[in-house]
Structures are given as C-alpha cells and as structure tokens.
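Following: one structure in structure tokens, then a few remarks.
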Amino acid sequence: MPVIRVERSAEIATVVLNRPEAMNALSTELCDAIGQTFLDLSRASDVRAVILTGAGRAFSAGVDLKELASGERRVSQLSAQEMIDAVRNFPGPVIGAVNGFAITGGFELALACDFLIASRQARFADTHARVGILPGWGLSQKLPRLIGINRAKELSFTGNYLDAETACAWGLVNRVTEPDALLPTCLALAQDTLSCQPDTLRGYKRLIDDGFAMAYGDALAHEARESAQTMRQITAEDVANRREDVQARGRRQTSQ
C-alpha cells in the first residue's frame, strides 16, 4: 500500500496520508513521501489548491515513535524541515482537513497548512514535553500566534487534548463539520479559491506569510511596496472586467 494517495479534481489535489493502521504516524517513508509529493505538486502547473488529510481515524499521530525506538529509522531523503517547508511553500492554498487525531508532529504538520477545517471527531494535542523533546517544525512559534500565548502554554505544558469545538472557538480551526461533510466542505472552499486571479492569489499568500514573520511596522511597509508594484502592472480594463465578475458573484451569494 502506498503511504500517500493523491486524488485529483480539476485543479485541486487531495493528499491523503495513508497509514491508517498506524494512525498515519510519520515514519521516514511517509515524511519523504509528503515532502516529495508537495514538491511535485508545486511544479505542476495544473494544480492550484491542495487539501491535506488522513485516512482512517487520525490526521496524524505524529512522529513514528515505534520506528524511532526500534533504531530502524533510516536516513531521510528530505530533512524534516524540508518536508514542512514543502507544505508551507506550495504556491497556492493548502487546506488542512483534520479528520481525527492531530498529535505532536501531526499537529505541527497541520499548522503548516494555510488554514484548517476540522471534523467533530478531530482532537489536537502537543505531547512534546511528555515525550521529552522540543518542537522543531514551528509549533512553539505559530501556535501562540494563532490562539494566544497563555492557551498555547496550557496545551504544550499539559499535553491535554483539545476538541474540535474548542479549537474553533480559540481560532485554531476555521470551522467544524460533521465527519461526512469534511471533505466536501474543503473541496467547496478550494473551488472558491480557484475563482480568484491565480497570480494575485499566489502573491497574496506570499504577502501574508512574509509579513507574518516580520515586525508589524516592517510588514506594513512591505505590503505597501508589493501593492505599489502590482498596481503598476494592472490596466483599467483589467479592473473593469474583474469588477463585473466580482459583482456577479456577490449577487449570486447574497441572493441565496
């Protein structure tokens, strides 16, 4: 059985972690497959959005501790950081469809996505401190920025589980769905992103991610520079044509 499945729907790829018997634990093989899959998708001109999810009852239970404890963990083709960077650096939106447990390294993998939609069965936990290791894929920095430093400390210092509804109330996930509605909801959102101007959407993602890593004043200045450069490349005719599309879509959405 392949450790990853990739399913295509038009310009959307759904990447499924496929070790359900091991709760999609991040073995060396799976880490390599995740990294290589996202590198390949980044090079594919016909893929504009990605959904990342897990098979079975887990998104991912984290690093494969059984493999690690056995001493059988081989040298990875890609470093763990390269795997995470491959997910983060996909040029279009990456939607995390958290179907079940997202624990420690699996939690970090989820945080590499642009935003998260969770099934009611989703559960998040950070057990780094209980296992005796420190996070290295961004959790200690991104999680406090998403939910606040005090809540992040509570999760990381206790290792307690966080249910989907609380995760949504805290701002970790965007919305919670019934299990059978999770992938249809993510596909609909991915379709919505495809209706945006492709180059602008890719630039917008870079703008947000670059600014997220800056001090607020530097980020505002960066936005101003990027906006001015973009405006010099847009004609009045472009704006007029796109304005009609935006207004028509608005009328359809507000009339429902």
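Under 4 °C and 1.567 mPa s, how fast does the range 4-194 diffuse according to Stokes-Einstein, given a Kirkwood radius computed over C-alpha pairs? Answer in µm²/s, whole number. All intermediate terms of the calculation are to be shown ahead of the outcome.
Working: Rh = 16.4 Å.
Reported coefficient: 79 µm²/s.
What's the angle, to the nearest 10 degrees (0 to 90), between helix 236-254's Cα axis and the longest principal axis of the chain? Long axis of 236-254 versus the principal axis of the chain: about 60 degrees.
Build a GNM of the chain with springs between Cα atoms under 10 Å apart, and of Arg225, Arg151, Arg202 the one that fluctuates most is Arg225. With 0.36 nm allotted per residue and the present C-alpha distance subtracted, the Met1-Arg43 stretch has 12.6 nm of extension available. Anyone know which of Ser79, Ser119, Ser60 comes out most mobile in the 10 Å Cα GNM of the chain? Ranking Ser79, Ser119, Ser60 by mean-square fluctuation puts Ser79 first.
Computed from Cα atoms, the angle from the helix 216-231 axis to the main principal axis of the chain rounds to 50 degrees.
The range 159-226 and the range 80-145 have Cα centres spaced 13 Å apart. Here the simple spin-label model places points 7 Å from the Cα toward Cβ, and for Gln253 and Ile234 these points are separated by 1.6 nm.
What ranking do Tyr216, Tyr161 get, fewest neighbouring Cβ atoms within 10 angstrom at the top? Mind dumping the intermediate values first?
Values: Tyr216 8, Tyr161 14.
By the 10 Å Cβ count, ascending, the order reads Tyr216, Tyr161.
Summary value for the chain: 16 percent relative contact order, contacts being C-alpha pairs under 8 angstrom separated by 6+ residues. Under 5 Å between amide hydrogens, built in the peptide plane, is the criterion, and for Val63 it picks out Leu26, Gly105, Gly106 among residues at least 5 positions away or on other chains. Sequentially through the range 160-172, phi angles give Karplus couplings (6.51, -1.76, 1.60; θ = phi - 60°) of 6, 7, 10, 7, 4, 5, 5, 4, 6, 4, 7, x, 6 Hz, Gly and Pro residues having no value and appearing as x.
Projecting the Cα atoms of Leu17, Asn99, Gly171 onto the charge dipole of the chain (Cβ charges, centred on the Cα centre) puts Gly171 farthest toward the positive pole. Could you give the angle, 0 to 90 degrees to the nearest 10, between helix 198-212's Cα long axis and the longest principal axis of the Cα atoms of the chain? Taking the Cα atoms of the chain, the angle to 198-212 is about 60 degrees. Taking the Cα centre of the chain as reference, the dipole from Cβ charges on Lys and Arg (+1) and Asp and Glu (-1) amounts to some 340 debye.
Close amide H pairs (under 5 Å, H built 1.01 Å from N) link Thr177 with Ala118, Ser119, Arg120, residues at least 5 positions away or on another chain. Here the Karplus curve 6.51 cos²θ - 1.76 cosθ + 1.60, taken at θ = phi - 60°, turns the phi angles of the range 119-124 into couplings of 5, 4, 8, 5, 9, 10 Hz, with x standing for Gly and Pro.
FYI, it's all coordinate maths here, none of it is from the lab. Please read these numbers as outputs of a predicted model, since none were measured by experiment. Cβ: placed from backbone, ideal geometry, glycine included. Neighbour counts: every protein chain shown.
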